[in-house]
Amino acid sequence: MNKESNKIIVIGLGESARLAYEYFSSGSNYEIECFAVEKEFLDKSEFCKKPVIDLNDTKKLYPEINQAFVAISGTNMNRVRERMFLIMKASGYKLVNYVSQNSLVWRDVQLGENCCIVGKSVIESGCKIGDNVTVWNATVAHSSVVEDNVFLAINSTVCGFTTIKKNSFIGANSTVGDGLIGSTVIGEFNFIKMGTAIAGKTANGATYGGGHIGFIK
């Protein structure tokens with residue numbers, strides 16, 4: 001990767017953006033050129049010693065950069081992060097991934113765009129990970145599917161053959177699935193609270209936990 005092609009624009013100005021700066025600066029081949037946010041959130045000119053610009057000015061100020069990373073938390077079931085992802089895609093940007101050097105992502109894993117694989121995460125063979133997914137020191141066991149805009153919090157575990165539908169949040173120290181083919185499908189926009197153990201097929205838009213929930217029929 002040459003010097004010009006490794007530059008990226010990071011979207012965001014909060015803690016997720018600060019962490020993105022740390023991660024990309026110390027453990028990737030990408031170089032952050034600037035941060036960008038929508039005009040109403042533009043309250044500073046510098047962040048992490050990098051310039052901060054209006055999102056609408058990215059093409060004008062940095063026409064040579066065609067790669068970006070959306071560094072926004074899972075607020076509102078990842079809807080904000082999803083919206084910014086779609087804006088950048090529509091503007092012609094390639095959304096890059098961050099994969100920690102300490103994580104294990106097996107060679108046949110299908111990984112989407114704008115994914116953030118943090119710490120000592122494990123994604124085993126046969127898994128499909130959608131766009132805009134965060135895996136935060138979590139485990140995704142073999143042959144599982146994690147759809148777009150999902151957030152897997154610290155120490156959460158997705159058992160083998162499990163499907164997590166789009167825009168769901170799996171809380172810290174939770175275990176999802178029972179390892180049986182097709183038995184566990186977590187519905188869209190589910191919020192699984194911290195420390196929950198759950199399997200089965202859940203309703204869209206539902207909240208479960210905490211504690212042991214067992215099998216949802």
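The values are calculated or read from the model by the stated rules, or taken from the named source; none is laboratory data. If you're wondering where the values come from, they're calculated on a predicted model, not measured in any experiment. Neighbour counts run over all protein chains shown; Cβ positions are idealised from the backbone, glycine included.
Here are the numbers for this structure:
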read-out	value
Selected residue [aromatic (F, W, Y), closer than 15 Å to S28 by Cβ and modelled with pLDDT of 95 or more] from Y62, Y98	Y98
G210 vs. criteria free of Cβ contacts under 8 Å to residues at least 40 places away in the same chain, in contact with a Lys or Arg (Cβ under 9 Å, 6 or more places away or on another chain) and either part of a loop (DSSP other than H, G, I, E, B) or over 24 Å from V80 (Cβ atoms) (or both)	yes
Selection status of Y23, of a type in the set (S, T, Y), within 16 Å of the chain's Cα centre (by Cα), modelled with pLDDT of 95 or more and not assigned by TED's automatic domain parsing to the domain that holds W136	yes
Residues satisfying the stated conditions in the stretch 117-138, i.e. part of a loop (DSSP other than H, G, I, E, B), crowded, with 19+ Cβ neighbours inside 10 Å and not hydroxyl-bearing (S, T, Y)	C127, G130, D131, N132, V133, N137, A138
The stretch 139-150: number of residues that are under 12 Å from the mean Cα position of the chain (by Cα) and either polar (S, T, N, Q) or in a loop (DSSP other than H, G, I, E, B) (or both)	4
Members of the stretch 16-41 found to be over 16 Å from Y62 (Cβ atoms) and aliphatic (A, V, I, L, M), listed by number	A17, L19, A20
Candidate set from the stretch 3-38 (those that are among the basic types (K, R) and outside any strand (DSSP E or B)); member that is surrounded by the most Cβ atoms within 10 Å (Cβ to Cβ)	R18
Qualifying residues in the stretch 101-116 (those that are touching a residue at least 40 places away in the same chain (Cβ under 8 Å) and surrounded by 19 or more Cβ atoms within 10 Å (Cβ to Cβ)) - the one farthest from T162 (Cα to Cα)	N114
Qualifying position, being at pLDDT 95 or above and farther than 17 Å from C116 by Cβ, among F47, F85, F69	F47
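Condition check ((1) loosely packed, with under 14 Cβ neighbours inside 10 Å; (2) free of Cβ contacts under 8 Å to residues at least 40 places away in the same chain; (3) assigned by TED's automatic domain parsing to the domain that holds C115; (4) more than 30 Å from T207 (Cα to Cα)) across all residues:
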| site | (1), (2), (3), (4) |
| --- | --- |
| S45 | yes, yes, no, yes |
| L55 | no, no, no, yes |
| T58 | no, no, no, yes |
| S73 | no, no, no, no |
| N76 | yes, yes, no, no |
| S91 | yes, yes, no, yes |
